[in-house]
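Structure first, commentary second.
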């Protein structure tokens, strides 16, 4: 997939440009023009125009098929990602009765892998484009025991706690900035038996773990996974259980 980001939708000779690009790189299956006229730190804008193909690509991960659109998050290293997710599932110890929440669920990758063994899974994500992809991916893989909600994960879990609901396992895979205090407070109120935290930033991970530990949890085990070879970045999966 090639995504061109422009400040304006005017694109002279876009058909010839696309044809030349495909001739040079026949492995490209889709080309999308994203229009972002705003002067912000966000790369992608709201509007898109498909110049070639379906506007998304597909990948297979943990024997599941996923459609990935330009504005959806997807791990860049699928070989290592499978190792990461398998370790996360090992930590979760799911069975047919497990009630699972996949917070910051993106296009539903972690939640759908969990749904293969869990009783029920709820995926929560603020990015509406990712939620759209997640719903489509669940249908693509004929999964009946998972549902997705477009909402702030902290607000969603707080509402669950207010209604007296619970979860056995919460998977959380926040951005590099980590989780907010509001999210962690709602997580502690929900009080799952196990928390599986997947982090791409050791600094914010340490900060968040310290806060969760003060809320009555203990770090049982953690495993680093080299998702970004030849860089100083590392992904880490952590298991926390209630004291």
May I ask you to compute the full-extension gain from residue 80 to residue 43, defined as 0.36 nm times their residue separation minus their alpha-carbon distance, rounded to one decimal in nm?
10.7 nm
Subtract the Cα-Cα distance of residue 6 and residue 177 from 0.36 nm times their separation in residues, and report this length gain in nm to one decimal.
58.9 nm
Placing each pseudo-label 7 Å from Cα in the direction of the beta carbon, residue 142 and residue 50 end up separated by a distance in nanometres of 2.5
Sorted on mean Cβ neighbours within 10 Å (highest first), peptides 186-199, 224-237, 105-118, 85-98 come out as 105-118, 186-199, 85-98, 224-237
The chain: antiparallel DSSP beta bridges as a percent of all, rounded to 5
50
Roughly what would the spin-label model give for residue 226 and residue 126, points 7 Å off Cα along C-beta, in nm?
3.4
Order of 23-33, 123-133, 74-84 by packing, highest average Cβ count within 10 Å first?
123-133, 74-84, 23-33
Mind checking Rg over Rh on the chain, alpha carbons, Kirkwood formula for Rh?
1.01
Rounded to the nearest 0.05, what FRET efficiency do residue 155 and residue 25 have when you use their Cβ-Cβ distance and R0 = 45 Å?
0.55
Given a cut-off of under 8 Å on Cα pairs at least six residues apart, what relative contact order in percent is computed for the chain?
14
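Since every read-out is calculated from the coordinates, none of them should be taken as a lab result. In this text the structure is predicted, and so the values were computed from the model without any measurement. Because the Cβ atoms are built from the backbone with ideal geometry, glycine has one as well, and the counts that use them run over all protein chains shown.
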